[in-house]
Amino acid sequence: MAALAIDNISKTFDIDGRSVTALDSVSLDLAPGEFGALIGPSGCGKSTLLRMVADIVSPTSGHISVAGEAPRKARLAHHIGFVFQDATLLPWRTVSENIRLPLEVVGGRRAVDPAAIQALVELVGLAGFEHARPSQLSGGMQQRCAIARALVTSPQMLLLDEPFGALDEIMRFRMNLELLRIWAESRTTALMVTHSIEEAVLMADRIFVMAARPGRIVDEIKVDLPRPRRLSQIGEPDFVALVERARKSLFGDMVEMLQDA
Ligand SMILES: Nc1ncnc2c1ncn2[C@@H]1O[C@H](COP(=O)(O)OP(=O)(O)OP(=O)(O)O)[C@@H](O)[C@H]1O
Ligand SMILES: [Mg+2]
């Protein structure tokens with residue numbers, strides 16, 4: 001069974017009495033444990049697609065299932081973890097208190113196993129900062145805390161919406177490798193939105209390329225580079241060829257236009 005099945009999803013929004021098609025007939029499947037990346041221009045519906053999988057927004061038509069369950073059921077069973085572009089941590093809570101929040105929401109304080117929280121703190125490299133507040137952490141540390149919070153319910157599906165968009169390039173690549181390690185250890189299925197083609201190639205098993213107006217998937221690129229991935233792969237010919245391929249399908253004729261200019 002697919003870990004994620006998105007079948008012919010369309011979404012229209014009403015903006016000032018005008019109907020805007022945010023997504024048009026989008027389909028994609030992920031196998032259990034697979035890492036998918038979504039790339040595409042601003043406004044093509046990447047966040048909307050993730051929000052529909054997470055049951056934050058409902059589709060106008062089409063069908064989504066997460067490990068065979070409807071998004072509502074998967075959300076209520078805490079099978080979905082969501083990492084937003086900003087870490088969205090609660091400033092008055094410490095690192096540990098932020099990470100365990102989803103468990104408290106489900107079952108109260110008694111539902112929380114301190115040893116499991118500590119294991120997560122260590123998994124994301126925040127040992128020693130358990131009692132720090134978000135304002136005392138760097139941006140990357142806050143994002144790692146948000147990733148731990150998304151993993152605390154052991155979700156089968158991890159959704160990441162440009163989780164490292166606010167970080168500099170070196171920090172982002174470091175976080176990429178850390179996320180890959182966490183993903184491999186937790187054996188979750190992942191779908192990540194990114195603006196960076198290199199990031200998509202470095203992380204994903206498959207890249208879904210989207211176009212805007214209306215938002216749709218225009219290409220699917222299989223990334224069959226060996227794992228575990230390493231930063232040194234970035235300069236290798238196979239990697240560069242995949243980046244070029246993705247760039248072409250993202251920018252189309254614009255690539256040639258820019259080369260001619
Ligand atoms: N709640 C909403 N109400 C009305 N329109 C919306 C809403 N959310 C998204 N849209 C519209 O849907 C389209 C897709 O938006 P979305 O945020 O999914 O794009 P995106 O691909 O994530 O863009 P970006 O890369 O800039 O984050 C846009 O045209 C946007 O105006
Ligand atoms: Mg977005």
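The values are calculated or read from the model by the stated rules, or taken from the named source; none is laboratory data. From a predicted model like this one, the values you see are computed outputs, not experimental measurements. For neighbour counting, all protein chains shown are included, and Cβ atoms are generated from backbone atoms with ideal geometry for every residue, glycine included.
For the range 187-204, name all the residues that are over 11 Å from the mean Cα position of the chain (by Cα) and surrounded by 18 or more Cβ atoms within 10 Å (Cβ to Cβ). First the steps, then the outcome.
Residues of the range 187-204 over 11 Å from the mean Cα position of the chain (by Cα): 187-188, 195-199, 201-202.
Within the range 187-204, Thr188, Ser196, Ile197, Glu198, Glu199, Val201, Leu202 meet the criteria.
Under the condition of being among the aliphatic types (A, V, I, L, M) and within 16 Å of ligand 1 (Cβ to nearest atom), which residue from the range 55-97 is surrounded by the fewest Cβ atoms within 10 Å (Cβ to Cβ)? I'd like the intermediate steps shown before the answer.
Looking only at the range 55-97, we keep the residues that are among the aliphatic types (A, V, I, L, M), and these are 56-57, 64, 66-67, 70, 74, 76-77, 80, 83, 87, 89-90, 95.
Going one step further and asking which of them are within 16 Å of ligand 1 (Cβ to nearest atom), we end up with 56-57, 64, 83.
On the way: Ile56: 15, Val57: 17, Ile64: 22, Val83: 26.
Selected residue: Ile56.
Taking the criterion of being touching a helix residue (DSSP H, G or I) at 6+ places or on another chain (Cβ under 9 Å), at pLDDT below 95, farther than 29 Å from Ile147 by Cα and among the β-branched types (Val, Ile, Thr), would at least one residue in the range 247-255 satisfy it?
yes
I need the full set of residues from the range 16-34 which are more than 16 Å from ligand 2 (Cβ to nearest atom) and part of a strand (DSSP E or B), in order please. Step through it out loud before you land on a result.
Applying the first criterion (more than 16 Å from ligand 2 (Cβ to nearest atom)) to the range 16-34 yields 16-19, 21, 24-25, 27-34.
Answer for the range 16-34, where residues must be more than 16 Å from ligand 2 (Cβ to nearest atom) and part of a strand (DSSP E or B): Arg18, Ser19, Thr21, Asp24, Ser25, Ser27, Leu28, Asp29, Leu30.
When you scan the range 35-63, how many residues do you find that are within 18 Å of Asp161 (Cβ to Cβ), away from ligand 2 (no atom under 16 Å from the Cβ) and not in a strand (DSSP E or B)? Break it down into steps so the answer makes sense when it comes.
The initial filter retains those residues of the range 35-63 that are within 18 Å of Asp161 (Cβ to Cβ), namely 35-59.
With away from ligand 2 (no atom under 16 Å from the Cβ) added as a condition, the list becomes 35, 55, 58-59.
Now narrow it down to the ones that are not in a strand (DSSP E or B): 55, 58-59.
Going through the range 35-63 one residue at a time, the tally reaches 3.
What are the pairs with Cβ atoms under 6 angstrom where one residue, in the range 1-26, is among the aromatic types (Phe, Trp, Tyr) and the other, located anywhere, is in a strand (DSSP E or B)? Sequence gap at least six, or different chains.
Phe13/Val20; Phe13/Ala22
Scan the range 95-116 and report the pairs whose first residue is within 14 Å of His78 (Cβ to Cβ) and whose second residue is exposed (fewer than 14 other Cβ atoms within 10 Å of the Cβ), with Cβ atoms within less than 6 Å and a gap of 6+ or a chain change.
Leu103/Ala111
Could you identify the single residue in Gly45, Gly33, Gly17 that is surrounded by fewer than 16 Cβ atoms within 10 Å (Cβ to Cβ) and touching a strand residue (DSSP E or B) at 6+ places or on another chain (Cβ under 8 Å)? Outline the logic, then answer.
Working: Gly45 fails: surrounded by fewer than 16 Cβ atoms within 10 Å (Cβ to Cβ); Gly17 fails: touching a strand residue (DSSP E or B) at 6+ places or on another chain (Cβ under 8 Å).
Going through Gly45, Gly33, Gly17 in turn, just one is surrounded by fewer than 16 Cβ atoms within 10 Å (Cβ to Cβ) and touching a strand residue (DSSP E or B) at 6+ places or on another chain (Cβ under 8 Å): Gly33.
In the range 157-172, how many residues are within 14 Å of ligand 1 (Cβ to nearest atom) and either under 8 Å from the mean Cα position of the chain (by Cα) or free of Cβ contacts under 8 Å to residues at least 12 places away in the same chain (or both)?
5
Among the residues of the range 247-260, is any touching a residue at least 12 places away in the same chain (Cβ under 8 Å) and in contact with a strand residue (DSSP E or B) (Cβ under 9 Å, 6 or more places away or on another chain)? If you could, list the steps in order and put the result at the bottom.
Step one: list which residues in the range 247-260 are touching a residue at least 12 places away in the same chain (Cβ under 8 Å), which gives 247, 249-250.
Restricting the remaining residues to those that are in contact with a strand residue (DSSP E or B) (Cβ under 9 Å, 6 or more places away or on another chain) gives 249-250.
Scanning the range 247-260 turns up at least one residue that is touching a residue at least 12 places away in the same chain (Cβ under 8 Å) and in contact with a strand residue (DSSP E or B) (Cβ under 9 Å, 6 or more places away or on another chain).
Can you tell me which residue among Glu178, Glu122 is surrounded by fewer than 22 Cβ atoms within 10 Å (Cβ to Cβ) and touching a residue at least 24 places away in the same chain (Cβ under 8 Å)?
Glu178 is the lone residue from the list that is surrounded by fewer than 22 Cβ atoms within 10 Å (Cβ to Cβ) and touching a residue at least 24 places away in the same chain (Cβ under 8 Å).
I'm trying to understand the selection: among the residues of the range 4-14, which are away from ligand 1 (no atom under 11 Å from the Cβ) and either surrounded by fewer than 14 Cβ atoms within 10 Å (Cβ to Cβ) or small (Gly, Ala, Ser) (or both)? Let's see the steps before the verdict.
Initial filter on the range 4-14 (away from ligand 1 (no atom under 11 Å from the Cβ)): 4-10.
Across the range 4-14, the qualifying residues are Ala5, Asn8, Ser10.
For Arg72, state whether it is at pLDDT 95 or above, out of contact with any helix residue (DSSP H, G or I) (no Cβ under 8 Å at 6 or more places or on another chain) and away from ligand 2 (no atom under 16 Å from the Cβ). If you could, list the steps in order and put the result at the bottom.
On the way: at pLDDT 95 or above: yes; out of contact with any helix residue (DSSP H, G or I) (no Cβ under 8 Å at 6 or more places or on another chain): yes; away from ligand 2 (no atom under 16 Å from the Cβ): yes.
When the stated conditions are applied, Arg72 passes them.
Of all residues in the range 88-130, which are under 22 Å from Arg174 (Cα atoms), modelled with pLDDT of 90 or more and touching an Asp or Glu at 6+ places or on another chain (Cβ under 7 Å)?
Within the range 88-130, Val95, Val121 qualify.
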